[in-house]
Amino acid sequence: MTAKLGQLEAEPIYMKIGAFLAEHGLWPSPGNYTLAYQVFADPASSVAEAVKTITADGIRLSQRDADRIIAEHGMPAATAPATAGTDPVMIGEATRQMEEFAAIIETSRAATQSYGRDLAAGAAELEEALGSASSLIEITRSMIARTKSAEQQLTAVRNEADGLKAKLAEAGQEARRDPLTGLPNRRAFEEHYAELQREGAIVSVAICDVDHFKRINDQYGHGVGDRMLRAVAELLDANCNGHFVARLGGEEFVVLFRGLTAAQSAEILDDARERLAAKHFKLRESDAPLGKVTFSAGIACGTSRAEEVPLARADALLYEAKNGGRNEVRVERI
């Protein structure tokens, strides 16, 4: 019984918070939610008094007013982070907070809906027992109307929160993807490697570098260079199917071979190298031959120990391949 009473006492606060955010057109951020909660949970607080002063004459609380109150009282920021599209860490934190907020809203909406059904059923019973003129019935009907209104407002807020969650998820994916090739970027590679380490997986790490890429850019322009990078990315991704391929930057790519030794990984990468060297690229503009395009690579052994990513060892092997004449894969021997 105590738990049920506690739930019923908490429900009006959630209902009021949803209605407050909708009424003032405030973004459903953790900061705005905290502000609204403070207003209803502690009406005598300085936060509630500040809000009351601004809205005393029926004026809506603007986001600027909310931000000022939040800042003055040391609460979390109210607005969406300006760098949400570029900082995956911030995106992840915002997504977590939004999921918590959405869960609260959904719980409140479901509870309000159930409460409204109970009120409607009770009103019908009262009307049958006491007659339609009863003041108690009128009060109950008024409560039903207000409950339905709160439920609609909570549904609107929930839908907005769902939309924001989807946008945050999309921004998080974009922040981990290379815009030129469509491959995962360096940050995504580092996160994936860290996950494999936590799992205790055995991996090999390969760094691939397009040979004489600067000459391609200088001779044919960056547009041709970009098309070449996309072609190499597609070939590596297709040939290393089932393994993690990412672009480190420039003309460098990295491949994580899970569950394979460096020697086994070299067989797959050598095949990709030979396929690339056998292609006959032509300039799109003139159909003139572009010449042979190759890459060099170095492959280092990864372990399940919490050590530094073996990029430095793979990079040293890559330069050995470059100095040895290029179009070659060098493998770490242990």
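The values are calculated or read from the model by the stated rules, or taken from the named source; none is laboratory data. Keep in mind the model is a prediction, meaning the values are calculated, not measured. Positions of Cβ are backbone-derived with ideal geometry, glycine not excepted, and every protein chain shown enters the neighbour counts. Ligands, DNA and RNA are excluded from the accessible area calculation, which covers all protein heavy atoms including side chains. Shrake-Rupley method; radii C 1.70, N 1.55, O 1.52, S 1.80 Å.
Could you tell me which residue of the range 256-313 is modelled with the lowest pLDDT, considering only residues that are of a type in the set (S, T, Y) and closer than 18 Å to V245 by Cα?
T261
Filter the range 269-279 down to residues that are open to solvent by 70 Å² or more (accessible area, probe 1.4 Å) and not in a loop (DSSP other than H, G, I, E, B), then give me how many there are.
Looking only at that region, the number is 2.
Taking the condition modelled with pLDDT of 70 or more and not aromatic (F, W, Y), does E151 pass?
Against the criterion (modelled with pLDDT of 70 or more and not aromatic (F, W, Y)), E151 does not qualify.
Checking the conditions here, which among E11, E99, E93 is under 29 Å from A188 (Cα atoms), out of contact with any Gly (no Cβ under 6 Å at 6 or more places or on another chain), modelled with pLDDT under 60 and assigned to a helix (DSSP H, G or I)?
E93
Is it the case that the range 251-263 has a residue that's open to solvent by 50 Å² or more (accessible area, probe 1.4 Å), more than 28 Å from R176 (Cα to Cα) and in contact (Cβ under 8 Å) with a residue 60 or more places away in the chain?
yes
Specify the residue that is surrounded by the fewest Cβ atoms within 10 Å (Cβ to Cβ); the eligible residues are those in the range 280-293 that are more than 15 Å from C208 (Cβ to Cβ) and touching a residue at least 40 places away in the same chain (Cβ under 8 Å).
In the first step, residues of the range 280-293 are kept if they are more than 15 Å from C208 (Cβ to Cβ); the result is 280-292.
If we keep only those that are touching a residue at least 40 places away in the same chain (Cβ under 8 Å) as well, we get 281, 283-284, 290.
Details: F281: 16, L283: 13, R284: 11, L290: 17.
It comes out as R284.
Please indicate, with yes or no, whether at least one residue in the range 216-238 is of a type in the set (F, W, Y) and either in a loop (DSSP other than H, G, I, E, B) or under 22 Å from K279 (Cβ atoms) (or both). Reasoning before the result, please.
Of the range 216-238, the ones of a type in the set (F, W, Y) are 220.
After this cut, where a residue has to be either in a loop (DSSP other than H, G, I, E, B) or under 22 Å from K279 (Cβ atoms) (or both) as well, the list is 220.
Yes, the range 216-238 has at least one match.
Answer yes if at least one residue in the range 203-213 is polar (S, T, N, Q), open to solvent by 10 Å² or more (accessible area, probe 1.4 Å) and touching a strand residue (DSSP E or B) at 6+ places or on another chain (Cβ under 9 Å), and no otherwise.
no
Open to solvent by 40 Å² or more (accessible area, probe 1.4 Å) and either modelled with pLDDT of 95 or more or closer than 25 Å to G225 by Cβ (or both): does that describe A238? Before you say what the answer is, go through the steps one by one.
Working: open to solvent by 40 Å² or more (accessible area, probe 1.4 Å): yes; either modelled with pLDDT of 95 or more or closer than 25 Å to G225 by Cβ (or both): yes.
When the stated conditions are applied, A238 passes them.
Do you know which of the residues in the range 189-218 that are modelled with pLDDT under 90 and of a type in the set (G, A, S) is nearest to the chain's Cα centre (by Cα)?
A194
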